[in-house]
1. At q = 0.11, 0.23 Å⁻¹, what base-10 log of I(q)/I(0) does the Debye formula yield for the stretch 88-158 when every alpha carbon is treated as an equal point scatterer in vacuo?
2. For the chain, what does -39500 (n - 2.57) per DSSP helix run (n ≥ 4), summed and divided by total residues, give at 222 nm, in deg cm²/dmol to the nearest 500?
3. log₁₀ I(q)/I(0) of the chain at q = 0.18 Å⁻¹, via Debye over equal Cα point scatterers, no solvent, to two decimals?
4. In sequence order, what are the phi-derived ³J(HN,Hα) couplings for the stretch 135-141 according to the Karplus relation 6.51 cos²θ - 1.76 cosθ + 1.60 with θ = phi - 60°, rounded to whole Hz, with x for glycine and proline?
5. What ranking do 127-136, 72-81 get when scored by the average of other Cβ atoms within 10 Å per residue, highest first?
6. Separation between the residue 24 and residue 81 pseudo-spin-labels, each 7 Å from Cα along Cα→Cβ, expressed in nm?
7. Taking R0 as 35 Å, what's the FRET efficiency between residue 129 and residue 107 from their Cβ-Cβ distance, rounded to 0.05?
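Just so it is clear, none of the values below were taken in a lab; they were calculated from the coordinates. Given the structure is predicted, the values throughout are model-derived calculations rather than measurements. Reconstructed Cβ throughout: ideal geometry from the backbone, glycine too, with neighbour counts over all protein chains shown.
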Amino acid sequence: MIAEHRPSFPEIPEIALRAGQDEEAVRAVFDSVQDILDTLAEQGLMKLFDVSLRTVTQAPPDDPIAQFRALGTAYLNWAIENPAQFRLLQHSKLVDLEANENLARYIRAMHDTMLRLLSNAQDAGQIERSTNIHSILVSGRCLLFGLARMAIDGNMTAWHPGLNPADAAHQAFSDYMDSMAAAGNNLTGSLKPQRVEA
């Protein structure tokens, strides 16, 4: 139902019908359609938070850029595997993330984590000290959102022929992170193997 992009979400009777549930049973759990949407959004954020935590713990603990890359990869995986929840969380007319404290808490936690990683990357010399890390975070989030949306809508293959949409999105994000890492290498003078294009 979310994927249909309807101007207004259906009422509880239709939701119950399409979910194969008794209307009264649904009303016994949810007071309104907004309660249903908020619950779905919270489930989506909990799932995103969980996969992000599990992914970032696999990255080197002393490499904040690698951890930032891991978070971005986790977000893409989550969005592509959960397109309905991704669409819901990006639809401000259906869910007000800031007005719902439970939802806002997850958003703030993710934001603070990514900002802290970028700050740590500056301290480690991976990002130039004069760089505005808030701008990096905004551009990174815009990139991830756009890649996820294009992959879900099937618009990535035109940019990466031969790859499925998910792999194409991951390749584009990997290229973005590689460029960030290359800039860090130039700053610190450290050497890393360069990828050779076929």
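1. Each listed q maps to, in turn, -0.39, -1.04.
2. On the way: 8 runs with 133 residues, N = 198.
So the helix-based figure for the chain works out to -22500 deg cm²/dmol.
3. -1.28
4. Per residue, the Karplus-derived 3J(HN,Hα) values read 5, 4, 5, 4, 5, x, 5 Hz.
5. My ranking of the peptides, most packed first, is 72-81, 127-136.
6. The two pseudo-label positions are separated by 3.9 nm.
7. Efficiency, from the Cβ-Cβ distance: 0.80.
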